[in-house]
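Have a look at the structure below, then the notes.
The values are calculated or read from the model by the stated rules, or taken from the named source; none is laboratory data. For clarity, every value in this text was computed on a predicted model and none was experimentally measured. Every residue, glycine among them, receives a Cβ derived from its backbone with ideal geometry; neighbour counts consider all protein chains shown.
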């Protein structure tokens, strides 16, 4: 498994990843505008625009997008995104990191490994602490966050979607990954 920035080489895989989520009805956390953009090329352009404050779409903060690819068959098993800083929504509900694993690829430890691998990238961006959130009932995401050093802070209610969101912090000044 490897963490990569998405490129046109993965257009078919991006399309398949999106479709799997549309078919399952699951949220596409950590994918930016993938749900809204059916054309992988448009999504790749969107993710590139998001990398800089001056080109990020209105209402979005700069973010770096990654895909998590299984090397044996070049399949995208997951996606993860680092938001470089907060806007009001991210500060309260979304956090610095969003991630998802394809429904067909879950329960294999991919989310935990993706999060572990992304933490050095967060440090490289100058982040000292990162906020990660998950829906109250998402036990898999909660375990992923805790395995990577997440410390529970609080729970907030997001009325727009009628969900309770748990907030966790990882202190990168103290956290050391297996690869660090």
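Here are a few things to note about the model shown:
- Residue check for residue 139: without any contact (Cβ under 8 Å) to a residue 12 or more places away in the chain, within 17 Å of the chain's Cα centre (by Cα) and farther than 26 Å from residue 46 by Cα: yes
- Residues satisfying the stated conditions in the stretch 24-59, i.e. surrounded by fewer than 14 Cβ atoms within 10 Å (Cβ to Cβ), under 18 Å from residue 101 (Cα atoms) and in contact (Cβ under 8 Å) with a residue 12 or more places away in the chain: 24, 35
- Members of the stretch 87-129 found to be at positive phi and in a loop (DSSP other than H, G, I, E, B), listed by number: 107, 109, 126
- Residues (outside any strand (DSSP E or B) and exposed (fewer than 14 other Cβ atoms within 10 Å of the Cβ)) located in the stretch 147-177: 159, 160, 161, 162, 173, 174, 176
- For first residues located in the stretch 80-107 and over 28 Å from residue 1 (Cα atoms), partners that are outside any strand (DSSP E or B) and lie 6+ apart or on another chain with Cβ distances below 7 Å form the pairs 86/61; 87/61; 90/61.
- Unmet criterion (only one of (1) in contact (Cβ under 8 Å) with a residue 40 or more places away in the chain; (2) on the phi > 0 side of the Ramachandran plot) for residue 77: (2)
- Being more than 13 Å from residue 167 (Cα to Cα), touching a helix residue (DSSP H, G or I) at 6+ places or on another chain (Cβ under 7 Å), buried (at least 21 other Cβ atoms within 10 Å of the Cβ) and at pLDDT 95 or above is a property that does not hold for residue 130.
- Residue 78 being in contact with a helix residue (DSSP H, G or I) (Cβ under 9 Å, 6 or more places away or on another chain), modelled with pLDDT under 95 and not in a helix (DSSP H, G or I): no
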